[in-house]
1. Please state which one of Gln145, Gln95, Gln158 is at pLDDT below 80, of a type in the set (S, T, N, Q) and part of a helix (DSSP H, G or I).
2. From the list Thr185, Thr207, Thr222, exactly one residue is β-branched (Val, Ile, Thr) and either surrounded by 15 or more Cβ atoms within 10 Å (Cβ to Cβ) or in contact with a Lys or Arg (Cβ under 7 Å, 6 or more places away or on another chain) (or both). Which is it?
3. Where the second residue is surrounded by fewer than 18 Cβ atoms within 10 Å (Cβ to Cβ) and hydrophobic (A, V, I, L, M, F, W, C) and the first is free of Cβ contacts under 8 Å to residues at least 12 places away in the same chain and in a helix (DSSP H, G or I) and lies in segment 101-118, which pairs have Cβ atoms under 8 Å and are six or more apart or on separate chains?
4. Go through the residues of segment 477-492 one by one and say whether even a single one is acidic (Asp, Glu), under 26 Å from the mean Cα position of the chain (by Cα), crowded, with 18+ Cβ neighbours inside 10 Å and at pLDDT 85 or above.
5. Does Arg283 meet the test of being of a type in the set (Lys, Arg) and either crowded, with 17+ Cβ neighbours inside 10 Å or touching a helix residue (DSSP H, G or I) at 6+ places or on another chain (Cβ under 7 Å) (or both)?
6. Only one of Val119, Val76 is among the β-branched types (Val, Ile, Thr), out of contact with any His (no Cβ under 9 Å at 6 or more places or on another chain) and modelled with pLDDT of 90 or more; which?
7. Kindly check whether there is at least one residue in segment 268-289 that is of a type in the set (Asp, Glu) and either under 30 Å from Ala97 (Cβ atoms) or touching a Gly at 6+ places or on another chain (Cβ under 6 Å) (or both).
Amino acid sequence: MALSEHRDPIGGRPDTAKKRLKPARLGALLIGAATALGGCASYSPDGGLAVTRDIAARELRQEVVRVREPADSDRVRARVTGLLRSPLTVDRAVQIALINNRGLQAAYNDLGISEALFVQASLPPSPTLSLTRLASTGAIEIERQLLVNILGLATLPQRRAVAEVRFTQAQLRAADETLRLAGETRRAYYRVVASGQLVNFLAQTSTAARTASELFKRLGETGAVNRLDQAREHVFYADVAAQLARARLQHQADRERLIRVLGLWENIAALTLPAQLPGLPRRPAAREAIEREALEKRLDLRIARLEVDGVARQLDLTQWSRFLNVLELQGALNNERSTRTERSYSLQGGQIVESRQVEFERTRVSGLSLEVQIPLDLGESRLRDARETYLRSINRLVERGVNVRSEAREAYQRYRGGFDFARHYQSQILPLRQIIADESQLRYNGMMVDVFSLLTEARARIAANAAAIEARRDFWIAHSDLQFAVIGGSSPGGSAETPTTAVAGAQGGAAAH
């Protein structure tokens, strides 16, 4: 809507104060009505982080922070230093990542931007003020205009509702990003601890193999052992040394991956990890209604539901305003002042005297204009686009629901299978391999078998221990994936790992002989 008011700039005043206040009063009333209809939103103290903070506290038992000021950075740095003073647990690793990862802070900045857009959408259309001054000989005209979009004013409540849905989606996306980082941190933690445990095991095995290799070298010098047995013992030590080197490289790569997730810029040397993975629980967790739980909690599904709601509101808004693109109302109030001078001459005392008479003329012009822009297709293209967008959001919601149920089932099957697999190695394969190794050593000492059989069993035992470590690692990763498959934040299936080079090398070495 546009209103214009004109004042006399040469000290003159409009006829009455009542007429002077009409346009301003009308504009104020329109803006006040829009504010009452739409309800102005205000900025939250934490930038919209309340939803993320509640979900992190409930599902992760961790806290999240916003880093905005140097003082916030100092507090985070002190907190991280305190958490790194003792060997890192998985929960401490997650807490460090949630407060120290700058990628997560960038996601929170995106949330703040979404809040700014929401607050902006809740405000009435911005008025346009213009001032025009025209001057000519003997006349000055000043025109003031106030322009407000009537269509935007009328659709303010609907647009605010759509913006509120979008902001709620942004809050859930920030929470989903928080959970995703927590899941990635857990997986990185279990990988680096597992690779460190494998390094320790191979280091012990390499020490024993080196001792045996040196012993066989001395025995060969005395003639007690032939060159074939010496070569077999030496190549066994060389294989174990190669596997240890590969495992160390993998451990360093896993450690750097964890450092990146934690967002550590300093205190890297202070990062200490436990020597081995946690033990298996006594029994696996039972999840009877995991599909229903996932349908209720998954954040991506909640975001998809809100998308349908937001698109539906947008469709209603399009249907309501499909015939109009622009609707503006302009009121004009123009004050114009001009002067007219009349000269007269008279004879006084024998001299001609000139006299002047100045008259002021004031003109007030008012009017009202309405500007309407009608689309050529009467809004049909906009309406079709809104309908197709709505149907697309519904189809994606249904697809997301199907995927959520399937992912929850898959995550639980992987968790339960990983538990059974790791327990099978722990309770069956490793004890049997140890018995075979002990019996092979006794038979070798009794000269009942040659060194080739002893080394073959040693290689098989190395491969079994490495596979057992990986099985336990995969179980704990599957345990994390199960949690996040129910609440969101990461896609399941992260526990599927290919055999490490150490295991492959051990198995290959055993097969080669």
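1. On the way: Gln145 fails: part of a helix (DSSP H, G or I); Gln95 fails: at pLDDT below 80.
Criteria check complete, one pass: Gln158.
2. Numbers: Thr207 fails: either surrounded by 15 or more Cβ atoms within 10 Å (Cβ to Cβ) or in contact with a Lys or Arg (Cβ under 7 Å, 6 or more places away or on another chain) (or both); Thr222 fails: either surrounded by 15 or more Cβ atoms within 10 Å (Cβ to Cβ) or in contact with a Lys or Arg (Cβ under 7 Å, 6 or more places away or on another chain) (or both).
Step by step, each of Thr185, Thr207, Thr222 is checked, and only Thr185 is β-branched (Val, Ile, Thr) and either surrounded by 15 or more Cβ atoms within 10 Å (Cβ to Cβ) or in contact with a Lys or Arg (Cβ under 7 Å, 6 or more places away or on another chain) (or both).
3. Taking only residues 6 or more apart or on different chains, not a single pair turns up.
4. If we filter segment 477-492 for residues that are acidic (Asp, Glu), which is where we start, we get 481.
From what's left, under 26 Å from the mean Cα position of the chain (by Cα): 481.
Checking which are crowded, with 18+ Cβ neighbours inside 10 Å leaves us with 481.
Filter once more, so that each one left must be at pLDDT 85 or above: 481.
Yes, because at least one residue in segment 477-492 is acidic (Asp, Glu), under 26 Å from the mean Cα position of the chain (by Cα), crowded, with 18+ Cβ neighbours inside 10 Å and at pLDDT 85 or above.
5. Details: of a type in the set (Lys, Arg): yes; either crowded, with 17+ Cβ neighbours inside 10 Å or touching a helix residue (DSSP H, G or I) at 6+ places or on another chain (Cβ under 7 Å) (or both): no.
Here the answer is no, as Arg283 does not meet what is asked.
6. Working: Val119 fails: modelled with pLDDT of 90 or more.
Exactly one residue qualifies, and that residue is Val76.
7. Pass one, segment 268-289, residues of a type in the set (Asp, Glu): 288.
Next, from what is left, pick out any that are either under 30 Å from Ala97 (Cβ atoms) or touching a Gly at 6+ places or on another chain (Cβ under 6 Å) (or both): none.
Scanning segment 268-289 turns up no residue that is of a type in the set (Asp, Glu) and either under 30 Å from Ala97 (Cβ atoms) or touching a Gly at 6+ places or on another chain (Cβ under 6 Å) (or both).
A quick yes/no check of all residues on (1) part of a helix (DSSP H, G or I); (2) more than 30 Å from Arg92 (Cα to Cα); (3) aliphatic (A, V, I, L, M):
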| site | (1), (2), (3) |
| --- | --- |
| Ala194 | yes, no, yes |
| Val199 | yes, no, yes |
| Gln204 | yes, no, no |
| Thr211 | yes, yes, no |
| Gly220 | yes, yes, no |
| Leu228 | yes, yes, yes |
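The values are calculated or read from the model by the stated rules, or taken from the named source; none is laboratory data. Here the structure is a predicted model, which means the values were calculated and not measured. Reconstructed Cβ throughout: ideal geometry from the backbone, glycine too, with neighbour counts over all protein chains shown.
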